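Note sheet for the following structure.
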Amino acid sequence: MFGALIWSVALTQSASAADETAVHLPTKSDALAFAPYAQSLLYGKGFGVETQLPGPVSDREHVDVGLNTDGSIASVEVDQRLVVSGLGDFLFKISGPARDVEALPGSASNPGLRKGAVLWQGFSSGRKVLAAHLQLYPRLERDRLPLSFAMSIRVGGRPLEPGRAVSGPVELTLTISNNSAVPIGLVRAPADPAALAPVMDRVREELRRGVTPTPGKDGIPKTVPATGTAQTVTEDVEVPVLVRGRLEFPAGSVTGARAEGARLRRAPNGTTVLPFERTLGGGDAKEMTLSVTGQAHALPLPDLTIDPVPTLPPARELDPPVGKSWKEAASAASARLDGEQMLVLLQRAMWQGVRIVQFDAYLGNPDLSGPSKSTYLFRLAPHLERTTVTPREAPHARPLTIAGFSVGIVLLLTGLALVWARS
């Protein structure tokens, strides 16, 4: 997703004869530091802006993504609302990169745009709302979004074009893929199952409760011990994404419809609807495919909306191979447990959990410790190419036409003069 970005694992070697290694467990701060454009959030290429904040900042974002009929990204627009708390001056930038920006209703200041970055500057008397609508570059955003798509809509063997309603056999195929995977460096090293077991149980319990496991809190240590020679291996680690969506055809536009991948239903208003919900990644399949066939009758583009939610990995991913807990498994069947595999499993689950913060702060919060929450909406909204209309050339008047027109004007004026004289 983000090319060759790889997180380097911090290892601390002790001087003991056992050559013990302390393996760092990832935190939200690690995930933010690893997020794309994290370094340019405060200091971007081409110019730097020293961040100045009078106090905490909260961040709320809505990411609206338009899709072309082939599934490619047509547009990406974001509404961002930042609430600056505290008394004093503020100065910061949101790296974007943005094509355009405008203030939203309720914003206490107007944003500036410089080299694609959105600049905010002003004074807070205690609380200030900064809200902006940003238009981003689709080509640059496609790898940052949590989902990617491949789509085909054909009627009578030809692609269905925006703005046209056509009839004939219809075939629609939509593939949705988890687009969040990035290469992460995970430590592989021999480890004592009994030492890892209580940590595995605590992380599993946090996931069961729907809480992001945090090193240094709730019984989860900041590091776990390993022994022997440690090596770092690169593995693509994704964030599980709960995908809820709806594909809808206007009433009477499709008959004899059949679907694969989800179940069609008829809405009270007569529309044909294909609702779907599935988690991609986190132990489940990382992509899903839906298909619809039938007979189209003056069919326009159907409505497609998808509301993805990056989510925690399921607790079952940390279920022990035997027993009800890892402690029980380590006590009853320690020889059957592979400490090295347990260590990798623990790191993977922790990374899947903490990386949600990257999608919660899509544009980014200038206060890196401040709360952020982003919602996403993908919809079928293809980019329509603007067509240039060439004005028709004015017809050239022929000499006889000009002469006839002149005679008519003279007669009209003469008639008006006689009327005026007799009045």
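The values are calculated or read from the model by the stated rules, or taken from the named source; none is laboratory data. From a predicted model like this one, the values you see are computed outputs, not experimental measurements. Virtual Cβ from ideal backbone geometry, glycine too; neighbours counted across all protein chains shown. Surface accessibility is based on the protein's heavy atoms, side chains included, excluding ligands, DNA and RNA. Shrake-Rupley method; radii C 1.70, N 1.55, O 1.52, S 1.80 Å.
What whole-number distance in Å separates the alpha-carbon centres of the stretch 227-256 and the stretch 293-322?
Measuring centre to centre over Cα atoms gives 7 Å.
Let me make sure I get this right: for the stretch 291-375, a, b and c are the square roots of the gyration tensor eigenvalues over alpha carbons, sorted descending. Under 1.5 in a/c it's rounded, otherwise prolate if a/b > b/c, else oblate. Which is it?
Because a/c hits 1.5 or more and a/b fails to exceed b/c, the stretch 291-375 counts as oblate.
Given Cα pairs under 8 Å that are at least 6 residues apart, what percent is the relative contact order of the stretch 148-262?
Relative contact order for the stretch 148-262 comes out at 27 percent.
How large is the accessible surface per residue of the stretch 314-390, computed with a 1.4 Å probe and reported in Å² as a whole number?
Counting only protein heavy atoms, the per-residue value for the stretch 314-390 is 50 Å².
Using only the alpha-carbon atoms of the stretch 278-325 as identical scatterers, what base-10 log of I(q)/I(0) does the Debye formula give at q = 0.15, 0.23, 0.26, 0.30 Å⁻¹?
The Debye formula, applied to the Cα set alone, gives -0.66, -0.99, -1.09, -1.22.
On average, how much area does the Cα convex hull of the stretch 190-233 cover when viewed from any direction, in nm²?
3.6 nm²
For the stretch 323-362, just list the percent of Cα-Cα distances falling in each 10 Å bin from zero outward, please.
The percentages, shortest bin first, are 26, 35, 23, 13, 3.
Please work out whether the stretch 221-338 counts as rounded, prolate or oblate from its C-alpha gyration tensor, where a ≥ b ≥ c are the square roots of the eigenvalues and a/c under 1.5 means rounded, while otherwise a/b larger than b/c means prolate and anything else oblate?
Cα axes put the stretch 221-338 in the prolate bin.
When only DSSP loop residues count, what trypsin sites (Lys or Arg not before Pro) in the stretch 272-343 have their Cβ near at most 13 other Cβ atoms within 10 Å?
K324
Take the Cα pairs of the stretch 35-194, get the Kirkwood Rh, then feed it into Stokes-Einstein at 4 °C and 1.567 mPa s and tell me D in µm²/s.
Estimated via Stokes-Einstein, D reaches 68 µm²/s.
Among the lysines, which have Cα under 22 Å from the Cα of K327 when same-chain residues fewer than 8 positions away are ignored?
K217, K222
So what is Rg over Rh here for the stretch 122-266, counting just Cα atoms and using Kirkwood for Rh?
Ratio of gyration radius to Kirkwood radius: 1.14.
How large, in percent, is the carbon and sulfur part of the accessible surface of the stretch 44-189 at a probe radius of 1.4 Å?
That share works out to 45 percent.
If ligands, DNA and RNA are left out, what is the accessible area of Y362 with a 1.4 Å probe, given in Å² to the nearest 10?
10 Å²
Give the dimensionless ratio obtained when the Cα radius of gyration of the stretch 71-122 is divided by 2.2 N^0.38 Å.
1.29
Please report the spacing between the Cα centers of the stretch 188-216 and the stretch 105-146 in Å, no decimals.
So the two Cα centres are separated by 38 Å.
Below 15 Å, Cα to Cα, which aspartates and glutamates can K128 reach? Residues fewer than 8 away in the same chain don't count.
Result set, ordered by chain and number: D59, D89, D367.
So, taking all protein chains as they sit and a 1.4 Å probe, how much accessible area belongs to E287, in Å² rounded to tens?
100 Å²
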